[in-house]
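Structure, as structure tokens:
None of the figures in this text is laboratory data; all of them are computed from the coordinates on show. What you see is a predicted model, and the numbers here were worked out from it, not measured in a lab.
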Amino acid sequence: MSARRTVRPGLGRFATLGRGGPARRGAAIAGMIALGLVASACGGDDDEKSPGPSNAPATAAAKSGGRITMLAVQDSAALDVFRTSNVAVADEPRLAALYDPLVYINPKDQKVNAHLAESLSSADNGATWTLKLRPGVTFSDGTPFDADAIKVNYDKQADMATRSVHIGAASTFKAEVVDPLTVKLTPVGAPNPNLDRLIAVELPYIEAPSAISKGPEAYGAQPIGAGPFVLKSWSRGNEQVFERNPNYWQKDKGLPKLDGFTVKNVPDIQQQYTSVKSGQADLFVSSDQKLLGDAAKELNASELKTDGGQMVQFNLRKGPFTDPRARRAVTLALDPADIPKTLNNGYVPAKGFFNQSGPYADPAVTQAAQNKAEAQRLFNELAAEGKKLNFRYLVPQNPSSVRVAEWMQGQLRTFQNVDMSIDSVEIGAYIQKYAISRDFDAMLFQQWVVDPEPTAFSAWYSKSPFNVIGWNSPAADEALAKGRGSTDPAVRKQAYSDLQKAIVAELPFWVYAESSNGAIFNDKVTGIEHYNSGVFFMDRIGLK
């Protein structure tokens with residue numbers, strides 16, 4: 001599903017988003033923010049590259065029939081494909097149930113595979129792409145799942161008025177109907193040999209035009225897709241009930257396995273664990289590494305490790321961390337291994353953005369180890385120049401985030417000439433400060449990344465409107481362009497090795513905990529198969 005040849009990618013329409021004004025720009029990047037906030041904002045501990053699910057029984061075939069109860073830390077705000085982020089620990093299992101992915105990334109081998117689509121391919125090194133659809137597929141309301149539906153979705157995703165959280169991806173290409181089962185996708189500005197990865201990660205779900213035509217309130221609350229389930233009822237703040245889609249395109253294969261399932265809202269993750277352990281519920285998705293470890297011993301856990309992790313991001317546009325010495329001093333003062341030792345939160349200390357077990361990690365390029373003497377020297381040097389380091393650390397208002405922030409604050413108090421204050425705010429204010437007003441010196445962020453494309457390019461390319469921290473690095477730009485511009489594994493691996501070198505040298509952020517998430521479930525549940533960054537196919541999950 002990819003092309004062969006290194007090209008220099010352009011931003012195309014992607015670049016115009018930065019001219020939409022701060023409010024619109026902030027709305028557009030809300031999806032990217034949500035990817036980094038869900039685990040921490042919803043009360044879970046914050047969280048690794050993709051060896052695949054770690055629990056073999058989870059992939060055993062399920063029997064047909066029956067129902068399960070899933071737990072979620074919060075209710076959905078909406079269930080349309082435009083305003084809902086593709087985050088496994090939040091709404092994405094519900095999106096998978098309603099819509100099914102067109103294409104997806106298999107975390108076991110990093111390859112893009114077709115699912116609801118028949119194929120997505122390029123014959124001209126990424127200058128154009130052809131999306132072929134399966135014949136005979138309909139949405140759950142019986143309307144055709146065709147090329148017109150794809151174009152309606154992608155045009156609306158790219159429309160600023162939609163306030164889509166996926167606008168950054170959708171605005172980089174144009175969709176054109178070729179025939180009822182064929183869509184031509186043309187990257188804007190330059191070829192993109194990795195457009196299939198962008199579709200898999202950001203735009204895999206398609207909503208019925210019949211629902212979209214009714215407006216945002218209707219298409220968010222009464223979604224219609226072509227996935228294995230339909231939404232039967234929704235008691236806001238309490239539960240959602242899903243039933244088998246009678247028009248499902250794989251019904252002749254005996255899918256989905258379940259008759260239906262219910263999602264109940266249980267904000268406390270320890271209560272979720274207790275509920276599954278006692279049999280009151282069957283499954284929940286978590287990024288809490290301690291709970292995942294406990295479940296592997298007491299219940300069942302299908303854990304997926306990805307790139308990314310929990311990190312401190314520095315504001316490089318303004319404030320004290322525009323001086324690289326300040327960034328280096330803070331990171332050298334702290335030891336990621338001390339966090340799980342002190343807080344007993346199960347964190348796996350990170351060595352960088354790329355998980356060490358993944359295909360893109362360069363073991364020779366890792367974050368510098370703690371060096372208290374050098375950290376103090378840098379703090380003193382800054383103070384002697386009249387730049388004593390005083391900074392605000394922005395975090396969402398929840399216990400796990402605040403605990404880590406307080407640990408950081410306590411560690412830095414053992415040094416002279418540095419003061420850290422904690423700015424802990426509710427999630428709405430967090431997004432306002434981070435994405436719109438950019439009112440922070442440093443801030444907590446988290447990412448689950450199955451592949452560097454498109455996430456890394458979007459977040460760090462200097463001309464990207466989603467580069468919120470303001471990292472402007474020629475070395476990083478060159479590496480990101482090479483990574484996007486080739487499908488050759490060797491070229492991409494070298495490109496992301498070069499990116500790691502730029503990260504270590506310039507320190508735009510510091511990763512302290514590896515990223516992982518997974519399903520925690522009881523002995524009745526089976527058939528869990530992960531895709532992308534940890535979501536699982538809802539058509540094959542079921543009961544033993």
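Normalising the Debye intensity of the stretch 423-544 to I(0), with uniform scatterers on Cα atoms only, and taking log10 at q = 0.15, 0.18 Å⁻¹ returns -0.86, -1.04.
Taking a ≥ b ≥ c as the square roots of the eigenvalues of the Cα gyration tensor, an a/c ratio below 1.5 marks the stretch 81-221 as rounded.
Compute the orientation-averaged projected area for the chain from the convex hull of its Cα atoms and round it to one decimal in nm². Please report the intermediate quantities before stating the final value.
Numbers: hull surface 89.4 nm².
Taking a quarter of the hull surface, the average projection is 22.4 nm².
Distances between placed amide hydrogens fall under 5 Å for Tyr461 paired with no residue 5 or more residues away or on another chain. Using a cutoff of 8 angstrom between alpha carbon atoms and counting only pairs six or more residues apart, the relative contact order for the stretch 175-316 works out to 10 percent.
Each helix, a run of at least 4 DSSP H residues, gives -39500 (n - 2.57); summed and divided by the residues of the chain, these come to -9000 deg cm²/dmol at 222 nm. According to the Kirkwood relation over distinct C-alpha pairs, the hydrodynamic radius of the stretch 434-473 is 11.1 Å.
In Å, the Kirkwood hydrodynamic radius of the stretch 332-489 over pairs of distinct alpha carbons? Kindly include the intermediate steps, with their values, before the conclusion.
Values: mean 1/r = 0.0557 Å⁻¹.
Here the Kirkwood hydrodynamic radius works out to 18.0 Å.
Looking at the stretch 206-247, I'd like the Rg to Rh ratio, where Rg is from alpha-carbon atoms and Rh is Kirkwood's inverse mean 1/r. On the Cα set of the stretch 206-247, Rg over Rh gives 0.98. The mean sequence distance of close C-alpha pairs (under 8 Å, at least 6 residues apart), as a share of the length of the stretch 390-544, puts its relative contact order at 15 percent.
The stretch 292-350 and the stretch 476-519 have Cα centres separated by 17 Å. Computed from the alpha carbon positions, the gyration tensor of the stretch 79-130 leads to an equivalent ellipsoid with semi-axes of 24, 13, 10 Å, biggest first.
Quick check: convex hull over the Cα atoms of the stretch 289-345, volume per residue in Å³, rounded to an integer?
Numbers: hull volume 6.3 nm³, N = 57.
Output value, Cα hull per residue: 110 Å³.
DSSP assigns beta bridges within the chain; of those with both partners inside it, close to 75 percent run antiparallel.
The rule of thumb for compact globular proteins, 2.2 N^0.38 Å, goes into the C-alpha radius of gyration of the stretch 254-357 1.49 times. Cα centroids of the stretch 210-272 and the stretch 116-138: 27 Å apart.
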